[in-house]
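The values are calculated or read from the model by the stated rules, or taken from the named source; none is laboratory data. Everything numeric in this text was worked out from a predicted model, so none of it was measured. Heads up, the Cβs are rebuilt from the backbone with ideal geometry, glycines too, and the neighbour counts pull from every protein chain shown.
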Amino acid sequence: EIWTAVCSRAVWQPMGFVYLYNVLQIGNAAWREFLRSVLHFTSEQLNSLLIVAYVLLYLGIMAYKYFFIKWSWRSIYIMTTTLGGVFSALQVLLIKGKTFGLSPFVFALGDDAFADFIAGIQFLPTTIMMVHLCPSGSEGASYAMFTTVSNSAGNLAGAIGTQMLRIWDVSKETMVSGDLSGMTKLTILTTLIQVSGLLFVKLLPHSKEEMANLHDGKNRVGGFIFLSVTFMSLLYAIVIGLLNIIRPGWQGES
């Protein structure tokens, strides 16, 4: 049943978008170190950022349910990705110390929190799509596989983000010394990569009705590529995670 499902164009095409989009959501892995070492955020402030982020994640989900549920899936991703790119780019202003009279904490709070609000808006459309992709009789296994696809892409994005720390010098010592050029470049690069997910938005159906029209298309090659990329990404993320535990600093990061 699962193999038959993934060979359907109605499955591998939209889930291919979910994978590609999520794997491109590469964050700046040095950002927390910047907040802690350069801006001297306390543990309480960092925890506050996390708490507000969780609250706005929930509010984003509610916002979609009550205000955006009639929007097409493509429109949702185009709108949220564009806004996310703008707010991600604002991190450059924080690095430069241009906060328009706001304290660095308040400026960072708005930037980080809005990213989670956007993630909340994107959550329900993706979940609704996954539910409608599940074939009758194997709903549990299929939904678990689809969520694994999404999560493995996110894990791979995190692993790639860690690898990107090597591109420019963003070590704690360099940033504390006042050299933030590497941090600025890394922030700009990750922002551009995140927004590039829109290049694949045409893979995403406008709605569940349009997705249903894709069920007639079958392609074993597409299904095989879909499963292969998923499992390889999951394996890569697991290996990187284990290396980070067993040999901390093996990539040369501080």
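Just to be sure, is Phe105 under 18 Å from Ala30 (Cα atoms) and not charged (D, E, K, R)? So Phe105 fits the description; yes. Scanning the range 37-64 for residues that are within 18 Å of Phe123 (Cα to Cα), at pLDDT below 90 and not hydrophobic (A, V, I, L, M, F, W, C) gives a single hit, Tyr54.
The single condition from (1) in contact (Cβ under 8 Å) with a residue 60 or more places away in the chain; (2) under 20 Å from the mean Cα position of the chain (by Cα); (3) assigned to a helix (DSSP H, G or I) that Val6 fails is (2). Across the range 206-221, the qualifying residues are those that are out of contact with any strand residue (DSSP E or B) (no Cβ under 9 Å at 6 or more places or on another chain) and over 20 Å from Ile118 (Cα atoms), and the one among them that is surrounded by the most Cβ atoms within 10 Å (Cβ to Cβ) is Met211.
Of all residues in the range 174-227, those being of a type in the set (Gly, Ala, Ser), under 21 Å from Tyr19 (Cβ atoms) and not in a helix (DSSP H, G or I) number 2.
Inspect all residues belonging to the range 138-149 and state whether any of them is closer than 18 Å to Ala29 by Cα, crowded, with 20+ Cβ neighbours inside 10 Å and not hydroxyl-bearing (Ser, Thr, Tyr). Talk me through it step by step, then tell me what you get.
Restricting attention to the range 138-149, the residues satisfying the condition of being closer than 18 Å to Ala29 by Cα are none.
No: the range 138-149 contains no residue that is closer than 18 Å to Ala29 by Cα, crowded, with 20+ Cβ neighbours inside 10 Å and not hydroxyl-bearing (Ser, Thr, Tyr).
Checked against (1) more than 15 Å from the chain's Cα centre (by Cα); (2) touching a residue at least 40 places away in the same chain (Cβ under 8 Å), Lys70 passes all but condition (2). If the condition is being out of contact with any helix residue (DSSP H, G or I) (no Cβ under 9 Å at 6 or more places or on another chain) and without any contact (Cβ under 8 Å) to a residue 24 or more places away in the chain, then the range 133-180 contributes Ser136, Gly140, Ala144, Ser177, Gly178, Asp179. Leu198 meets all of the listed conditions (1) loosely packed, with under 14 Cβ neighbours inside 10 Å; (2) in contact (Cβ under 8 Å) with a residue 12 or more places away in the chain; (3) within 28 Å of Met15 (Cα to Cα) but one, namely (1). Taken over the range 233-254, residues that are modelled with pLDDT of 75 or more and part of a loop (DSSP other than H, G, I, E, B) amount to 1. Among the residues of the range 145-173, those that are part of a helix (DSSP H, G or I) and over 22 Å from the mean Cα position of the chain (by Cα) comprise Lys172, Glu173. The condition of being outside any helix (DSSP H, G or I) and not charged (D, E, K, R) holds for only one of Ser142, Ser136, that being Ser136.
Within the range 64-75, not a single residue is closer than 22 Å to Ile160 by Cα and either surrounded by fewer than 21 Cβ atoms within 10 Å (Cβ to Cβ) or not hydrophobic (A, V, I, L, M, F, W, C) (or both).
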